[in-house]
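Written out below as structure tokens is the structure these notes cover.
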Amino acid sequence: MERSSIPAPALLLVGAEVTLGEATILPAVDLRLEQGEVLALMGPSGSGKTTLLDCVVGLRTPTAGSVEVLGAGYGSMSSRERACLRRRSIGIIEQNPRLLPELDVAENVALVLVFDGMPRRRALALAREALTVVGLDGAGALRPENLSGGEAQRAALARALLSDRIELLVADEPTAALDEENVRLMTELIVGTARDRDISVLLATHDTTVAERCDRIQRMRQADDRSRASWA
């Protein structure tokens with residue numbers, strides 16, 4: 001029998017659900033993200049988008065169901081193994097860029113590579129190259145407080161995608177605090193980088209203009225709705 005030539009998905013959730021006592025934080029969700037696909041995750045506040053993303057990056061374990069990321073099933077992995085996968089292969093962007101104020105912008109971006117054992121000088125050189133790619137050439141020596149909101153988010157994107165081993169980008173409302181022009185710029189950077197590097201993207205957003213730039217939309221339902229998330 002011939003093996004299937006269909007590649008494994010970058011991400012597969014089957015009936016993933018999170019409860020806390022009697023409360024359902026994340027209703028059962030089925031989700032499939034193909035390699036190189038950009039998927040928008042939409043839904044009202046309280047529908048469990050952030051909880052789902054926490055499950056995807058291995059920070060939370062579902063009460064029921066399964067999560068498989070880049071071919072690895074979280075159910076059989078220790079927290080240390082999940083952390084290793086997250087550090088090696090998953091880029092993360094949050095609504096708050098979380099840049100450390102005591103470091104300059106290049107140092108913030110380079111930190112992930114320094115923690116991974118790369119010499120500081122080499123990591124900083126790569127960080128400055130990444131900042132140039134996102135339109136922040138020359139901003140590396142600035143402190144985060146000197147960046148605008150849009151610039152800070154672009155620095156966070158450079159940090160998330162700095163390693164050439166990143167295969168999955170998980171973004172939680174990365175444009176929520178930005179003005180219209182910066183929303184457009186940030187969205188184009190995320191989608192464009194994903195296309196150029198064949199990176200899979202799961203992006204939670206309330207913004208329909210952002211979602212429409214993605215390949216596909218999955219809509220979440222309120223936590224008290226027991227039906228599963230729908231596809232669009």
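The values are calculated or read from the model by the stated rules, or taken from the named source; none is laboratory data. Please read these numbers as outputs of a predicted model, since none were measured by experiment. Glycine gets a Cβ as well: all are built from the backbone with ideal geometry, and neighbour counts include every protein chain shown.
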Pairs, please: C-beta under 6 Å, at least 6 apart or cross-chain, first residue part of a strand (DSSP E or B) and in region 62-82, second β-branched (V, I, T)?
G65/V14; S66/V14
Answer yes if at least one residue in region 38-50 is in a loop (DSSP other than H, G, I, E, B), within 26 Å of D207 (Cα to Cα), of a type in the set (V, I, T) and at pLDDT 95 or above, and no otherwise.
no
Every residue from region 87-110 that is modelled with pLDDT of 95 or more and part of a helix (DSSP H, G or I):
S89, V105, A106, E107, N108, V109, A110
Exactly one condition in (1) in contact (Cβ under 8 Å) with a residue 24 or more places away in the chain; (2) under 29 Å from I6 (Cα atoms); (3) among the acidic types (D, E) is not met by E94; state its number.
(2)
Please list, ordered by first then second residue, the pairs with beta carbon atoms under 6 Å, 6 or more apart or interchain, first in region 30-46 and closer than 16 Å to V14 by Cβ, second at pLDDT below 95 and outside any strand (DSSP E or B).
D30/R228
If we keep only residues of region 2-46 that are acidic (D, E) and out of contact with any Asp or Glu (no Cβ under 7 Å at 6 or more places or on another chain), then the residue farthest from V56 (Cα to Cα) is E2
